[in-house]
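Q: Before I ask anything, here is the structure I am working with.
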Amino acid sequence: MANARFDVVALGELLIDFTENGRSGQGNPLFEANPGGAPCNVLAMLTKLGWRCAFVGKVGKDMFGRQLAAATGEAGICMDHLVFDQEVRTTLAFVHTLPGGDRDFSFSRSPGADMMLTEQELPLEVIAGCRIFHFGTLSMTHPGVRAATCRAVACAKQGGSLISFYPNLRPPLWQSLEEARTQISYGLAHCDILKIADNELEFMTGETDFGKGAAMLRQRYPNIRLLNVTAGAEGSHAFYEGLRVFVPACKKGGVVETT
């Protein structure tokens, strides 16, 4: 993989996060339109650290899609493989931050452009040539984009890439939680690197103890080489071979940064 064009290629949702930003003079909540979507959040941070990153996904051909393309491009992420849907609009998420740093989401995605990515739109050569391929379950919620995601995972594995997976459980986006569990299980069975939140670990194992939950996952899915459990304001726990490393949460101005 020494000649890989990109260090990390991520596939999935690219959307607008409307986050609360104070109140108007009339006392109504104000929302700020922020670029969002877990896969590109990962790429934006990796790009800052000097890694070569590319994104694969779809947005609407609308003002929000153009905003997202500009913002991610300015962040240094290769957006050559971003597709613009002519008919379906960019997905929107409305975010309410809870005490402690956790967030509650409401989505405008019936449908959203990120759901419309097809197998035919995948840049398979780029995916097969990356060092790490990253994905989550928001690209697994509907049959068409699920097929595209599975094709991309298979292509990356065939090319020798490491597979990185983040369940990113958002219950309102699933027909049922059992369907969500099935698709998360697919990701767990195919990944080398896993980032999983505390609530997702409990969802998949029934365990609230991070050590026990991590051990259960690694026993069920021996393909997982590096497992990271995040716990919001409490920080994160990484498990690799026989090691367990704890890192406290990062704070900005006294506020926990959960990303």
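Q: For segment 166-178, name all the residues that are part of a helix (DSSP H, G or I) and either out of contact with any helix residue (DSSP H, G or I) (no Cβ under 8 Å at 6 or more places or on another chain) or open to solvent by less than 50 Å² (accessible area, probe 1.4 Å) (or both).
A: Pro172, Leu173, Glu178
Q: Also, quick follow-up: With Thr91, Thr118 as the choices, which residue is more than 15 Å from the chain's Cα centre (by Cα) and either of a type in the set (Gly, Ala, Ser) or on the phi < 0 side of the Ramachandran plot (or both)?
A: That would be Thr118, the only listed residue that is more than 15 Å from the chain's Cα centre (by Cα) and either of a type in the set (Gly, Ala, Ser) or on the phi < 0 side of the Ramachandran plot (or both).
Q: Let me ask another. Select from segment 197-243 the residues that are surrounded by 14 or more Cβ atoms within 10 Å (Cβ to Cβ) and in a loop (DSSP other than H, G, I, E, B) and list them in ascending order.
A: Glu207, Tyr221, Ile224, Arg225, Ala231, Gly235
Q: Tell me which residues, restricted to segment 26-72, are more than 18 Å from the chain's Cα centre (by Cα) and closer than 21 Å to His96 by Cβ.
A: Gln26, Gly27, Asn28, Pro29, Leu30, Phe31, Glu32, Ala33, Phe64
Q: Continuing with the same structure: Please specify each residue of segment 109-144 satisfying the condition of being at pLDDT 95 or above and of a type in the set (S, T, N, Q).
A: Thr118, Gln120, Thr137, Ser139, Thr141
Q: Could I ask something else about it? Could you check how many residues of segment 108-151 are open to solvent by 20 Å² or more (accessible area, probe 1.4 Å), under 28 Å from Leu177 (Cβ atoms) and of a type outside the set (Lys, Arg)?
A: 12
Q: Tally the residues that are in contact with a helix residue (DSSP H, G or I) (Cβ under 8 Å, 6 or more places away or on another chain), at pLDDT 95 or above and over 22 Å from Gln183 (Cα atoms), restricting the search to segment 213-251.
A: Of the residues in segment 213-251, 3 are in contact with a helix residue (DSSP H, G or I) (Cβ under 8 Å, 6 or more places away or on another chain), at pLDDT 95 or above and over 22 Å from Gln183 (Cα atoms).
Q: Only one of Glu200, Glu207, Glu178 is of a type in the set (Asp, Glu), out of contact with any strand residue (DSSP E or B) (no Cβ under 8 Å at 6 or more places or on another chain) and touching a residue at least 12 places away in the same chain (Cβ under 8 Å). Can you tell me which?
A: Glu200
Q: Next up: Here are Ile193, Ile163: which of them is under 17 Å from the mean Cα position of the chain (by Cα), open to solvent by 20 Å² or more (accessible area, probe 1.4 Å) and in contact (Cβ under 8 Å) with a residue 12 or more places away in the chain?
A: Ile193
Q: Please give the number of the condition Gly254 fails out of (1) in contact with a strand residue (DSSP E or B) (Cβ under 7 Å, 6 or more places away or on another chain); (2) modelled with pLDDT under 95.
A: (1)
The values are calculated or read from the model by the stated rules, or taken from the named source; none is laboratory data. Here the structure is a predicted model, which is why all the values come from computation and not from measurement. Glycine also receives a Cβ, built like all others from the backbone with ideal geometry; neighbour counts cover every protein chain displayed. To get the accessible areas, we keep the full protein, side chains included, count just its heavy atoms, and leave off ligands, DNA and RNA. Shrake-Rupley method; radii C 1.70, N 1.55, O 1.52, S 1.80 Å.
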